[in-house]
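Everything below concerns the one structure shown next.
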Amino acid sequence: MTRGNVEITGIRKEFGDVVAVDGIDIKIQPGEFFTILGPSGCGKTTTLRMIAGLERPTSGEVHISNQEVTNKPANKRDTSIVFQRWALFPHMSVGENISFGLEMQGVAKNERKDRVKEVLDLVELQGYEERSATDLSGGQKQRVAMARSIVQEPDVLLLDEPLASLDRSLRERLQIELKNIQAELGTTFIYVTHDQEEALSMSDRIAVMNEGHVEQVGGVTELYEKPETRFVADFLGETNLFDGKVAKNGSYAKIQSDIDVHIDEGVIPETGVNGSDVTYTVRPESLKISEAKLDVENVWTGTIENVIYKGSNTLYEVKLAESNRRISVLQQRTREAAPYDGDESVFVGFESTEGQLV
């Protein structure tokens, strides 16, 4: 029997008059690195806690490894959880912290020792068994916390923003290591975060949550390039949004907004008749910027108001002359393309085939 799959059906959680999670459905495959992404207060941690058995749903069902566990306590589910704060026992050594749960389960001492050594190798803390938990750095403490959960050999490992308290460089390094650990173990990981870059860099699939609802579930490329809602487009990376009405004429189409946006007729669904209210999203990297007029269907003049250096890329915020709108353009830095300065007059634009209706 395949183990490690998770299915939540119609899950709803109320705290008094507050609806934290409003009847969501998610299916997670065995061995998947699945991320629940959303802003603070969207219900993502509550959802994770209901999977873990730390919160009981107001309604709906939770299935783990093909078994319904909706009303089972946390210690009766084949899951383990890593929290944002590592919560190690300060009076114990690293090895004792990791083996504590195994000891409570009655696992023999020799087996505990072997399993502790295996997970310390996995999280690259070889030889730390006797080190005091209080003598570790933040990154090392989080690795020990992960090792303590992994050593239980759960079907599903739950991670509630485990890297959020670490500095950026360490967080980025541990993201790679955590993904490698998951691939080596083949264990189902369910990861909660509010960090879009973290979700995009680690996940097989992502569920984007907003105000207790799941807005969209999909792979990284699908969510970024083909968002289904305005919220997903705006939350998952930077974008330009144009709200307006559809105007169609044969193969010609445009969005009538504060500025007209010419788009490929093929991106308008059959329900998108003349006069329909829509939102069109175009990522900053899909736009071009130049001192010379651009040969694209959508082109405007404007003044660079902000120049934001991003290492290999530069983000420009351009105020258009045709309206009060500001447009973001992301340009890759090359030796041939020197960055523009602020207050320069430029042309910005994009092809009608770029972008997506949401």
Quick one: Cα centre-to-centre distance for the stretch 88-124 and the stretch 209-227, in angstrom? 38
Under 20 Å Cα to Cα from residue 117, which aspartates and glutamates show up? Leave out anything in the same chain fewer than 8 places away. 96, 103, 129, 130, 135, 153, 177, 184
Residue of 115, 230, 131 that the Gaussian network model of the chain assigns the largest fluctuation, springs spanning Cα pairs under 10 Å: 131
In percent, what relative contact order does the chain have, based on Cα pairs under 8 Å that are 6 or more apart in sequence? 15
Can you give the charge dipole size of the chain about its Cα centre, rounded to the nearest 20 debye, using +1 on the beta carbon of Lys and Arg and -1 on the beta carbon of Asp and Glu? 1080
Leaving out same-chain residues fewer than 8 places away, which aspartates and glutamates sit with a Cα under 16 Å from that of residue 72? 7, 55, 61, 155
Once both label points are put 7 Å beyond Cα along the C-beta direction, the residue 72-residue 243 separation in nm becomes 4.7
Sites residue 265 and residue 292, calculated FRET efficiency, Cβ-Cβ separation with R0 22 Å, nearest 0.05: 0.15
Quick check: residue separation of residue 306 and residue 89 times 0.36 nm, minus the Cα distance between them. What number comes out in nm? 73.3 nm
Roughly speaking, what is the stretch gain from residue 22 to residue 319, that is 0.36 nm per residue apart minus the C-alpha to C-alpha distance, in nm to one decimal? 103.0 nm
Tell me the label-point distance for the pair residue 225, residue 299, using the 7 Å Cα-to-Cβ offset, in nm and rounded to one decimal. 2.6
Calculated [θ] (222 nm, deg cm²/dmol) that DSSP helices of n ≥ 4 give over the chain, each run adding -39,500 (n - 2.57): -7000 deg cm²/dmol
Calc'd 3J(HN,Hα), the stretch 57-70, phi into Karplus 6.51 cos²θ - 1.76 cosθ + 1.60 (θ = phi - 60°), Hz, glycine/Pro = x, comes to x, 5, 7, x, 10, 10, 10, 10, 6, 6, 10, 6, 10, 3
Among [x] 78, 57, 43; [y] 74, 48, 37; [z] 57, 43, 38, find the value of Cα extents along the principal axes in Å that was calculated from the structure presented, and write down its label. [y]
Starting from the amide H of residue 69, placed 1.01 Å from N in the peptide plane, find each other amide H under 5 Å away whose residue is 5 or more places distant or on another chain. 62, 63, 64
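Read-outs throughout are calculated quantities, based only on the coordinates presented, and are distinct from any laboratory measurement. Keep in mind that what you see is a predicted model, and the values were worked out from it rather than measured. Heads up, the Cβs are rebuilt from the backbone with ideal geometry, glycines too, and the neighbour counts pull from every protein chain shown.
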